[in-house]
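Visitor: One structure coming up, written as structure tokens, with questions to follow.
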Amino acid sequence: MNLTENTLDKVYVFKGRIINLRCDKVLLPNGNEATREVIEHPGGVCIAALTDENELLFVRQFRYPYKEVVLEVPAGKLNYGEDPLECGKRELLEETGAKAEKYTFLGELYPSPGYCGEIIYLYLAENLSFFDQKLDEDEFLEVERIPLDKAVQMVLNNEIADAKTQTVILKTKLLRG
């Protein structure tokens, strides 16, 4: 069965600094037309930075859409055309002051495929060295270390709400045993 929807028309409703919103007219597999609202996003990267003591580095930062401080692994937005690993290295250093000797690609995550084209690239970073943070001038966060096993338990206890963070913690645990 053909499940593909073909784009007939794209109309941009909003173009912003981080996202664009468009409304597409599509042709469905059965020949009918429908409308799809799509958020364009350049994508992002998140890093499970694992210390020699088997702790993960986390950041706590205020997330405006939720009006709360959220616990997350270091992460950041890709620039269009940027290599995801290079973005991850930059974000890890900026947010935590850490650099890693070894990076392992853990896959891609589609955070909300019903309306958003964002892809988040997941990495495990190991053999860490620490330097000074290089936060952006509009970035305010606290760095925290949490043992990997405790982080897994926090995911299972619904103490970590962020999807990319949940995913990268569980993948790291499965790979590391």
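Visitor: For VAL45, indicate whether it is under 22 Å from LEU135 (Cβ atoms) and out of contact with any Cys (no Cβ under 9 Å at 6 or more places or on another chain).
Guide: no
Visitor: Now, a different point. For region 125-152, give me each residue that is more than 20 Å from LEU106 (Cα to Cα) and touching a Lys or Arg at 6+ places or on another chain (Cβ under 9 Å).
Guide: SER129, PHE130, PHE131, LYS134, LEU141, GLU142, VAL143, GLU144
Visitor: In region 34-55, which residues are on the phi < 0 side of the Ramachandran plot, touching a Leu at 6+ places or on another chain (Cβ under 6 Å) and surrounded by fewer than 16 Cβ atoms within 10 Å (Cβ to Cβ)?
Guide: Answer for region 34-55, where residues must be on the phi < 0 side of the Ramachandran plot, touching a Leu at 6+ places or on another chain (Cβ under 6 Å) and surrounded by fewer than 16 Cβ atoms within 10 Å (Cβ to Cβ): just ALA34.
Visitor: Being among the polar types (S, T, N, Q), touching a Pro at 6+ places or on another chain (Cβ under 7 Å) and under 15 Å from GLU55 (Cβ atoms), is that true of even one residue in region 92-99? Please lay out each step first, then the result.
Guide: So in region 92-99, the residues among the polar types (S, T, N, Q) come out as 96.
Now drop any that are not touching a Pro at 6+ places or on another chain (Cβ under 7 Å), which leaves 96.
Among the residues that remain, those that are also under 15 Å from GLU55 (Cβ atoms) are: 96.
Yes, the conditions are met somewhere in region 92-99.
Visitor: Quick check on my filter: what residues within region 8-25 are assigned to a strand (DSSP E or B) and under 16 Å from CYS116 (Cβ atoms)?
Guide: Let us first name the residues in region 8-25 that are assigned to a strand (DSSP E or B), namely 8-15, 20-25.
Those that are assigned to a strand (DSSP E or B) and under 16 Å from CYS116 (Cβ atoms): LYS10, TYR12, VAL13, PHE14, LYS15, ASN20, LEU21, ARG22, CYS23, ASP24.
Visitor: Given the structure, is PRO111 at pLDDT 95 or above and under 15 Å from GLU55 (Cα atoms)? Talk me through it step by step, then tell me what you get.
Guide: Numbers: at pLDDT 95 or above: yes; under 15 Å from GLU55 (Cα atoms): no.
Judged against the criteria, PRO111 is not a match.
The values are calculated or read from the model by the stated rules, or taken from the named source; none is laboratory data. Just so we're clear, the structure is a prediction, and the values are computed from it rather than from any experiment. Here the Cβ is made from the backbone with ideal geometry for all residues, glycine too, and neighbour counts use every protein chain on show.
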